[in-house]
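Okay, so here's the structure we're looking at.
The values are calculated or read from the model by the stated rules, or taken from the named source; none is laboratory data. Please read these numbers as outputs of a predicted model, since none were measured by experiment. We place every Cβ from the backbone using ideal geometry, glycine too, and count neighbours over all the protein chains shown. Please note that ligands, DNA and RNA were not included when accessible areas were found on the heavy atoms of the full protein model with its side chains. Shrake-Rupley method; radii C 1.70, N 1.55, O 1.52, S 1.80 Å.
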Amino acid sequence: MESSTFVLFGATGDLAKRKIYPALYNLFADGKLSGPLSVIGLGRRELSNETFQAQVLDSLRTFSRRKVEESAELQDFLLAFEYSVLDVGRPEDYKKLLAHVQRREELLNIPENRMFYLSVGPEFFGPIAGNINTSGLGDTKGWKRLIIEKPFGRDLKSARALNDSLNAAFTEEEIFRIDHFLGKPMVQNLEVLKYSNPVLRALWQNRYIANVQITAAETVGVEERAGYYDKAGALRDMFQNHMLQLLMMMAMQLPKGSTPEDVRSKKRHVIRSVRPLLKEDVARHVVRGQYAAGEIRGSKVDGYTSEPGIEASSQNETYIAARLWIDDPLWSEVPFYIRTGKRMKEKSTRIVIEFKEPFNDLHNKNRGKLELDPNLLVIEIGPGEGISLQLNTKNPRQHGQLEPVSIKHESGNPDLPEAYENLIYDALLGDATFFAHWEEVELSWQWVQPIIEATEEGTLPLHSYAAGSYGPDAADELLGEDHWWLDEEL
Ligand code: NAD
């Protein structure tokens, strides 16, 4: 990896402290950052380099997965951080930043490779990209790249406008859109699972799969993010990005090659093939919910509209479930059920693949009808990671009755690299495999747009569910004869 300058907008913010500094530290400690490290943090307040470095150290002590010990290496790491004052709207601040970047490049003999990480609100993306362009920061002899975070737009129109504003300064190949679900080790493992296991590869299609269930359930409520969340809701906060990315990763066909473009073009094929929703059909395929007061692990919790910062009349959804189909020969007629919510019974992100049961109706003269449980492949993405396969076997203690058994692999390694470590490392290498391509983002917005419109027009009801439950009853009805696989059954 060639060395580069890491320019961080929003260096005093929450994301920088909780995720970005610990990720850089762990990459550094793992010896993955080659060459001298140079990080220039930016914020509106005046800060000395020393105060900034003390803040970075503080965030490492609080959030790093690796224990932070006093050492010469730690001092080297901290000294790589310098600070510049910058107001995103002031062009002269970018000139000063350019001089700072060039001074460090010269001093440390770093080639003109520049990584711009925008850890600020999306309303600043356009102005920052424009100023990078006009200030000369973007005129480099080496590479320049941009890392941005969700939320990427509020709907199809605003996402397109945002993307146009970025394209003024960066090409698609230079833009790395973080969807941190794509940095999770088990999500990155999905392709390898299919590729390296002929058994799974053979079964990964509509001939054998009855349905696929993708769940991201949280037990927490809205926490401190009321202002943002009440405008976003589960659809924009989770579904349009993380959930549809999980769908793409699960359903994509194996690419012939292994370049980022090979993988991302297969993902685009999936999202392009998802059967479009008609606005008048939205209510038949989508369920919105909002948590009411309830109990989670023995503790009483408030309902959403009693949370601090949320209006009592809020109609925002904290839960969303959808049923969809992929119109592709590999997946035709297989329903995909997707749900995500807050204040649910268990915290878990997982994919459950339910296999068909062609022998279930078989009659055997001596034994009567065989009652088989379906085979299930369960991929646990978090908080614990693992894979399990549920099979049927005879239980010799119960007169040879059939019963399901589960073959489980749990990763059992609590010290895995965090999503942000994987993603920042890949971006520094220039590997975009696990970043969202613009067309994936655009097609995802296109698919959810009728849901946004039906919600705004009041044709998609908001169901209530008790905190600590599995979501509204209407989400069970959505599945018809199928049912959501619950934690206690897996
Ligand atoms: P934050 O409010 O904690 O920090 C924002 C940063 O932007 C601060 O450093 C602030 O000084 C800076 N800033 C604000 N106005 C500025 C201006 N005019 N000029 C220069 N700097 C300015 O926000 P955050 O939680 O760190 O989130 C940053 C971005 O990442 C947001 O877009 C957010 O939606 C996204 N995001 C955050 C998280 C998270 O866990 N915090 C998760 C996913 C995405």
Next item on the list: Just order 188-198, 316-326 by mean Cβ neighbour count inside 10 Å, highest at the front, would you?
Entry: 316-326, 188-198
Note to self: Loop-only GluC sites (Glu not before Pro) in the range 436-470, please: DSSP not H, G, I, E or B, and at most 14 other Cβ atoms within 10 Å.
What the structure shows: E457
Note to self: I need the shape label for the range 65-159. Rule: rounded when a/c is under 1.5, else prolate if a/b > b/c, else oblate, with a, b, c from the alpha carbon gyration tensor.
What the structure shows: oblate
Checklist line | Carbon and sulfur %, accessible surface of the range 122-227 computed with the full protein complex present, 1.4 Å | finding: 54
Notebook entry, point to check: Can you give the net charge of the other residues whose Cβ lies under 12 Å from the Cβ of K184, counting K and R as +1 and D and E as -1?
Noted result: -4
Check: What percentage of all Cα-Cα pairs in the range 118-274 are separated by more than 20 Å?
Finding: 60
Next item on the list: Determine the share of the range 259-346's accessible area contributed by carbon and sulfur atoms, expressed in whole percent, with a 1.4 angstrom probe.
Entry: 48
Note to self: Can you classify the range 391-490 as rounded, prolate or oblate using the Cα gyration tensor, where a ≥ b ≥ c are the square roots of its eigenvalues, rounded means a/c under 1.5, and otherwise it's prolate if a/b beats b/c and oblate if not?
What the structure shows: oblate
Checklist line | Column: log10 I(q)/I(0), Debye, Cα scatterers of the chain, q = 0.08 Å⁻¹ | finding: -0.54
Check: What distance in nm separates the simple spin-label points at F355 and E477, each placed 7 Å from Cα in the Cβ direction?
Finding: 3.4
Item checked: the chain, relative contact order in percent, only Cα pairs under 8 angstrom and at least six apart counted -> 17
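Taking K and R as +1 and D and E as -1, what net charge do the other residues with C-beta under 15 Å from the C-beta of I326 add up to?
+3
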Check: What trypsin sites (Lys or Arg not before Pro) does the range 1-108 have in DSSP loop regions with at most 14 other beta carbons within 10 Å?
Finding: R44, R45, R65, R66, K67
Check: With charges set only on the Cβ (+1 for Lys and Arg, -1 for Asp and Glu), what does the dipole of the chain come to about its Cα centre, in debye to the nearest 20?
Finding: 640
Check: Between E333 and R154, 0.36 nm times their residue separation minus their Cα-Cα distance comes to what?
Finding: 61.3 nm
Item checked: Residue-normalised accessible area of the chain, given per residue in Å² at a 1.4 Å probe -> 45
Next item on the list: Assign one of three labels to the range 175-230, namely rounded, prolate or oblate, based on the Cα gyration tensor with a ≥ b ≥ c the square roots of its eigenvalues; rounded applies when a/c is under 1.5, prolate when it is not and a/b is larger than b/c, and oblate otherwise.
Entry: prolate
Margin query: I need the calculated FRET efficiency for the pair Q315 and L490, taking r as the beta carbon distance and R₀ as 41 Å, to the nearest 0.05.
Written below: 0.80
Next item on the list: Would you tally the net charge around I271, using a Cβ to Cβ cut-off of less than 10 Å, leaving I271 out, and scoring K and R as +1, D and E as -1?
Entry: 0
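Divide by every residue of the chain the summed helix terms, -39500 (n - 2.57) for each DSSP H run of at least 4, and state the resulting mean residue ellipticity at 222 nm, rounded to the nearest 500 deg cm²/dmol.
When only DSSP H runs of four or more count, the value is -10000 deg cm²/dmol.
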Margin query: Counting only protein heavy atoms and a 1.4 Å probe, tell me what percentage of the range 1-47's accessible area is made up of carbon and sulfur.
Written below: 44
Check: Taking the range 7-46, how much of its Cα-Cα pair set, in percent, is spaced more than 14 angstrom apart?
Finding: 51
